[in-house]
Amino acid sequence: MNAVKRMLGIVWIALAIACGYFGIMDFGWPKIAHAKGSDDTVFGIIILFVLTPIIVGGLLRFGTYALSGEYDTKD
């Protein structure tokens, strides 16, 4: 089971990279660059500077903890 937890650490890190890419390139930056109104600009700023770092940071933290063996059971 500990090996599965360590493999899932790689999955968490891959998800962090994917969320970072999509958060910046698909949701954040296009809303700021091609805003049709102030609502789109505010939404893009919130996605780009608030939500994306929180999501990516959390996934990276879980992934590095899983890879380092913090969640291993001591059986």
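Any read-out appearing in this document is the output of simple, stated calculations on the displayed coordinates, not a laboratory observation. All figures in this text were calculated on a predicted structure; none of them were measured in a lab.
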The lysines whose Cα lies under 28 Å from the Cα of Lys5, excluding any fewer than 8 residues away in the same chain, are Lys74
Expressed as a whole-number percentage, the relative contact order of the chain with C-alpha contacts under 8 angstrom and at least six residues apart is 50
To the nearest 10 degrees, the tilt of helix 52-68 (Cα long axis) against the first principal axis of the alpha carbons of the chain is 10
Stretched fully, the stretch from Met7 through Ser68 gains (0.36 nm per residue minus C-alpha distance, one decimal, in nm) 20.9 nm
Its Cα gyration tensor gives the chain an equivalent ellipsoid whose semi-axes in whole Å, largest first, are 35, 10, 6
